[in-house]
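Enquirer: Mind looking over this structure? Questions follow.
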Amino acid sequence: GFYESLGGKGIHEIVVDTPEHKMDTSDENDEHFVRLFKVLGKRLELMMKNENVEYVQIFKNNGPFAGASITHSHWQIMSIPVMAHEQEMALKAYSEYKEKNGRCLMCDIIEHERKEKSRMVFENNEFSVFTPYAARQSYELWIVPKRHISTISELTEEEMISLAGVLKDMIGRVNNIMHNISFNICIQETPKSAPEGLFHWYIRILPRLGSWAGFEFATRCFINPVVPEFAAEFYRKQGEK
């Protein structure tokens, strides 16, 4: 008819990552996060084999203003039969940049941020952490592997150990923005139909300070009152304490 629709086929799983009801994500040790990454990677691989699945989103809602309706710590893995608009636009940008420059867009962003320094928060041998240019959310953070990988399941044991320390550290810094701050952790994965090796896997941490209002909903233009350079300076100071 006039409108198009598609059956909501897919898989939705909850990963309860601790038996302790009051355990906060930042209280967990590095070994805990390594085990978590392995579980998430295995579930992702299995879901991607399903013929009804095009994209798998791994995320964590932490706090009531981030959409967490259950206080007990948990992650969610949700798969859908279509490529989401966010991933479709990202792949378009990756593809156009690769065609024009012959290189990965995210790899070049990492190098640019390392040289620019004003938005760089932290880096080690495996990962770079920075506040993205023109961020949608105040204090938004990206954790990006320096090695070009396309999915969480491609992380090596050494990279998982490194990422565990980085993620725990960054969550601690986010918690210092304000008491009981809510935030989302989004693991940006590769859609099934994406050209092999095009996408560069990464993690976004999105603190929830305020919410979208009429202008954002009407225009899809986002008002961010905290410039990324200021946010990066704040995060760097937290690391010095």
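The values are calculated or read from the model by the stated rules, or taken from the named source; none is laboratory data. Everything numeric in this text was worked out from a predicted model, so none of it was measured. Counting neighbours? That spans all protein chains shown, and the Cβs are built from the backbone with ideal geometry, glycine included. These area figures cover heavy atoms from the full protein model, side chains too; ligands, DNA and RNA do not enter into them. Shrake-Rupley method; radii C 1.70, N 1.55, O 1.52, S 1.80 Å.
Enquirer: Filter region 1-13 for residues that are under 25 Å from residue 205 (Cβ atoms) and either open to solvent by less than 40 Å² (accessible area, probe 1.4 Å) or acidic (Asp, Glu) (or both) and give the result.
Expert: Hit for region 1-13 is 13, nothing else.
Enquirer: A further question on this structure: Does residue 230 satisfy the criteria of being assigned to a loop (DSSP other than H, G, I, E, B), at pLDDT 95 or above and among the aromatic types (Phe, Trp, Tyr)? Give the steps one after another, and end with the answer.
Expert: On the way: assigned to a loop (DSSP other than H, G, I, E, B): no; at pLDDT 95 or above: yes; among the aromatic types (Phe, Trp, Tyr): yes.
Here the answer is no, as residue 230 does not meet what is asked.
Enquirer: Does residue 72 satisfy being open to solvent by 100 Å² or more (accessible area, probe 1.4 Å), in contact with a His (Cβ under 6 Å, 6 or more places away or on another chain) and not β-branched (Val, Ile, Thr)? Reasoning before the result, please.
Expert: Details: open to solvent by 100 Å² or more (accessible area, probe 1.4 Å): no; in contact with a His (Cβ under 6 Å, 6 or more places away or on another chain): yes; not β-branched (Val, Ile, Thr): yes.
Considered against the rule, which asks whether it is open to solvent by 100 Å² or more (accessible area, probe 1.4 Å), in contact with a His (Cβ under 6 Å, 6 or more places away or on another chain) and not β-branched (Val, Ile, Thr), residue 72 comes out as no.
Enquirer: For region 41-51, name all the residues that are surrounded by 19 or more Cβ atoms within 10 Å (Cβ to Cβ) and within 16 Å of the chain's Cα centre (by Cα).
Expert: At the first step, the residues of region 41-51 found to be surrounded by 19 or more Cβ atoms within 10 Å (Cβ to Cβ) are 43-44, 47.
Within region 41-51, just 44 meets the criteria.
Enquirer: Does residue 60 satisfy the condition of being basic (Lys, Arg) and assigned to a loop (DSSP other than H, G, I, E, B)?
Expert: On the way: basic (Lys, Arg): yes; assigned to a loop (DSSP other than H, G, I, E, B): no.
The answer is no for residue 60.
Enquirer: So which residues in region 14-40 are buried (at least 18 other Cβ atoms within 10 Å of the Cβ) and not aliphatic (A, V, I, L, M), if there are any at all?
Expert: 17, 25, 28, 33, 37, listed by residue number.
Enquirer: Among the residues of region 211-227, is any more than 20 Å from the chain's Cα centre (by Cα), part of a helix (DSSP H, G or I) and among the polar types (S, T, N, Q)?
Expert: Checked region 211-227: at least one residue is more than 20 Å from the chain's Cα centre (by Cα), part of a helix (DSSP H, G or I) and among the polar types (S, T, N, Q).
Enquirer: Being open to solvent by less than 70 Å² (accessible area, probe 1.4 Å), acidic (Asp, Glu) and out of contact with any helix residue (DSSP H, G or I) (no Cβ under 6 Å at 6 or more places or on another chain): is that true of residue 54 here? Steps first, answer last, please.
Expert: On the way: open to solvent by less than 70 Å² (accessible area, probe 1.4 Å): yes; acidic (Asp, Glu): yes; out of contact with any helix residue (DSSP H, G or I) (no Cβ under 6 Å at 6 or more places or on another chain): yes.
In short, yes.
Enquirer: For region 75-99, give me each residue that is surrounded by 13 or more Cβ atoms within 10 Å (Cβ to Cβ) and charged (D, E, K, R).
Expert: 88, 98
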